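What follows is calculated from the coordinates using simple rules that are stated; it is not laboratory data. Predicted model, so just to flag it, every value in this text is computed and none were measured. Cβ atoms come from the backbone with ideal geometry, glycine included; neighbour counts cover every protein chain shown.
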Amino acid sequence: MKKRILVVENNKEILEIISIVLEDAGYELSLYLNEQGIFEHIVEFKPDAILLDIIRPTVDGTELCRQIKEAEVTKHIPVIVLSTHPQIEKVKEVCADDVVEKPFDIEELLESLNHQIVITG
């Protein structure tokens with residue numbers, strides 16, 4: 001059975017690249033350009049991991065990440081944050097299981113994703 005990955009990425013071109021890479025790697029995907037109404041879909045889709053674009057590691061910027069990690073039904077799902085922000089590592093202290101800085105290396109992204117799925121699966 002394919003592992004399920006939910007991706008929330010605000011940049012359409014980056015979302016397309018991630019989609020191609022992850023489909024080629026054999027994942028089943030659910031793709032979103034924004035966070036609107038996403039939490040309900042996370043509960044329904046039951047992803048094995050979430051790739052989440054966060055613009056700034058602020059309270060507002062990390063709200064969905066914190067919500068995922070605080071909810072009983074989703075707290076077990078690894079969240080890998082994608083961001084260009086220079087202080088994005090701070091998100092690991094708040095909610096993320098891992099951080100991949102943009103622009104990212106495809107192999108680094110796949111390695112992080114595989115690692116998070118293995119340690120939680």
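Using the Karplus curve 6.51 cos²θ - 1.76 cosθ + 1.60 with θ = phi - 60°, work out ³J(HN,Hα) for each residue of region 36-46 in order, rounded to whole Hz, and write x for Gly and Pro.
4, x, 6, 4, 4, 5, 4, 4, 6, 6, 6
Arrange THR74, THR84 by Cβ neighbour counts within 10 Å, fewest through most, would you?
Ascending Cβ contact count within 10 Å gives the list THR84, THR74.
Need one number: % antiparallel among DSSP beta bridges in the chain, to the nearest 5.
About 0 percent, rounded to the nearest 5.
Starting from the Cα of LYS12, draw a straight line to each of the aspartates and glutamates and keep only those under 12 Å, dropping any in the same chain fewer than 8 residues away.
ASP53
Using every Cα-Cα pair within the chain, state what percent have a distance larger than 16 Å. Write down the numbers at each step before the final one.
Working: 4065 of 7260 pairs.
Considering the chain, 56 percent of its Cα-Cα pairs are separated by more than 16 Å.
Label-point separation (nm) for THR120 and LEU33, each offset 7 Å from Cα along Cα-to-Cβ?
Here the answer is 2.6 nm between the modelled labels.
Taking the alpha-carbon distance from LYS90 and a cut-off under 20 Å, which lysines remain once sequence neighbours fewer than 8 residues away in the same chain are dropped?
Cα-Cα hits under 20 Å: LYS69, LYS75, LYS102.
Between the alpha-carbon centers of region 21-41 and region 46-121, tell me the distance in whole angstrom.
Cα centroid to Cα centroid, the span is 13 Å.
Using +1 on the beta carbon of Lys and Arg, -1 on that of Asp and Glu, and nothing else charged, what's the dipole of region 4-120 about the Cα centre, debye to 20?
Roughly 340 debye, rounded to the nearest 20.
Cross-link partners among aspartates and glutamates for LYS2, C-alpha distance below 18 Å, same-chain residues fewer than 8 apart left out?
Within the straight-line cut-off, LYS2 pairs with GLU23, ASP24, GLU28, GLU44, ASP48, GLU111.
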